[in-house]
Every structure is written in structure tokens, then in C-alpha cells.
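The structure appears below as C-alpha cells.
Any read-out appearing in this document is the output of simple, stated calculations on the displayed coordinates, not a laboratory observation. Small disclaimer: the values here were computed from a predicted structure and weren't measured. Counting neighbours? That spans all protein chains shown, and the Cβs are built from the backbone with ideal geometry, glycine included.
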Amino acid sequence: MNMTARQRTLAGITLALLMITAFIGLLACIPVPIGDPERSRINDSMTGIWIGTDEDGLSVLVLEPYDKRTWLVGWYIVELQVEHDLEGYDSYEELIEITRTAEHVGTGVIFFKGWLKKIRGRLFMTWEPKAIFENFEDFEHELWFVWDVDLSQADQMTLRMVDHEFDGFDDVDQTRRAFESVIRRNVDNPELYVSDDEDLPGAYYRVQVDDVDMLQDVTTDATISPFE
């Protein structure tokens, strides 16, 4: 489902209202970007607001077009007051209900420049950190998050992170083409990706227009607190 002009505006409003101090754990990043943001093109079906789960609570992605080639990606973590077994919430309706009813104690955000690269028919998305906030001393700016993107389900987006510790990356040149070559040879190898038990975001559901205002209220009313 492509975004309407109104939905794009709502996404932009949400992104502006949710600007707060951010803290996020260091994840499995690779030392080179995949794809070229100057030669890429955004996929309109990915533009918008998405909700999923994270080890700290709820995970919200905002993909707002920066130009025809790239997005500004906002990755928000909404920490919950009471621990929930979020693995049991496997539908959009359930995630929206817990968002609406659970008490929230903190929201963190990190911003990226995002672009796409197709390799052997598979879609990969690179996130380049653009806004790293204070007290985030361990994060290296010259690292990139790279995700395998699955859009096969309507109004769903599943992300798998490429693992920087994959053996195939050992002893290769630290260049984009060298890393893309390794990915091309191993797109079907599950060891290329961070395992599902690493508490990383996975499946996201598109946030429907009727739920945008509620999501804004939840995140902007939360007490800001750093994540441990």
C-alpha cells in the first residue's frame, strides 16, 4: 500500500514531535556501506510508520523520504513500565492494544540515512547513523547497519540484520564491492544474518492512519530516561 500525501504528512509530523534524547545499544554493524545512496531509489511501499517489538519494549520505525533516493529513518524504542512477553504479540491489533494500554517509562531514538540495494533479487537496506546523541560514547559513527528486507506480506516488513562477524567477511578488503560480493554469494546462507534469538527487531506492521495520533501521544508523553 503506497502512502498518500496525507499519510506522508502524518509521518513527517510524527518524526518532528518525537525528537528526544536517544540512547541505543551497539548492534552488529559492518565497516562499509552496502549499495550507493546516489544510485539508489526509495520503495514507496516502505515509506511511513511501522511498529514492532524490541528487547526493551516496542519498536517504531519512521521512514520519511529525504529525496527520491534515500530516507530519513527514525528508530524509536518505547520502554514499558511492566515487562510484557512481547513474543506473544504477533499481530498489528495486539501491538496497538498494548501500546494504547501499557504504561511507558521512556523513549529513545536514533536517526539514520537509509537506502536500498538489490542483490541477487533480494532487497537490502543500509542505515547510516546521522544523529548520535550525547552519552552514547561507545558508538562508532563510521559503521553501518545492513538489513535484509522482506516485503512479501501485505502491510508487513521483516528485517534481518547482516552479521558483521560472518566468517565470509574475514580477510576481505574493507570496501563496499568486496562486502557486496560476499553477500551475493551468501544471500541464502542463514549464517550471514544475526540469529533470531539476539533480541533484534524483526517483523514490523504498518501503522494505520487512525492510530497515528495515539502513537504520538504515547511517545511524547513518556518520561525520558536512558536505557541500561
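Describe numerically, in nm with one decimal, the distance between label points set 7 Å from Cα along Cα→Cβ at Ser91 and at Val187.
Reported label-point gap for Ser91 and Val187 is 3.3 nm.
For the pair Ala102/Glu38, report the inter-label distance in nm, with labels modelled 7 Å from Cα in the Cβ direction.
Using points 7 Å along Cα→Cβ, the separation is 4.3 nm.
Mind listing the phi-derived Karplus ³J(HN,Hα) values for the range 58-65, rounded to whole Hz, using 6.51, -1.76 and 1.60 with θ = phi - 60°, and x for any glycine or proline?
Using θ = phi - 60°, the values come out as 9, 10, 10, 10, 10, 10, 10, x Hz.
Taking H as built 1.01 Å from N, whose amide H comes closer than 5 Å to the amide H of Ile119, not counting residues under 5 places away?
Phe124
Short version: ³J(HN,Hα) in whole Hz for each residue of the range 37-48, in order, from phi by Karplus 6.51 cos²θ - 1.76 cosθ + 1.60 (θ = phi - 60°), x for Gly and Pro, what are they?
Working through the residues one at a time gives x, 7, 10, 8, 8, 5, 9, 4, 5, 8, 5, x Hz.
Using amide H atoms built in the peptide plane, which far-off residues or other-chain residues are under 5 Å from Tyr204 H to H?
Under 5 Å from the amide H of Tyr204 lie the amide H atoms of Met157, Thr158, Leu159, each far enough along the sequence or on another chain.
Amide H neighbours of Tyr193 under 5 Å, counting only residues 5+ apart in sequence or on other chains, H built in-plane at 1.01 Å?
The answer is Asp163.
Say R0 is 35 Å: what FRET efficiency, to the nearest 0.05, do Glu165 and Ser45 get from their beta-carbon distance?
After rounding, the FRET efficiency stands at 0.65.
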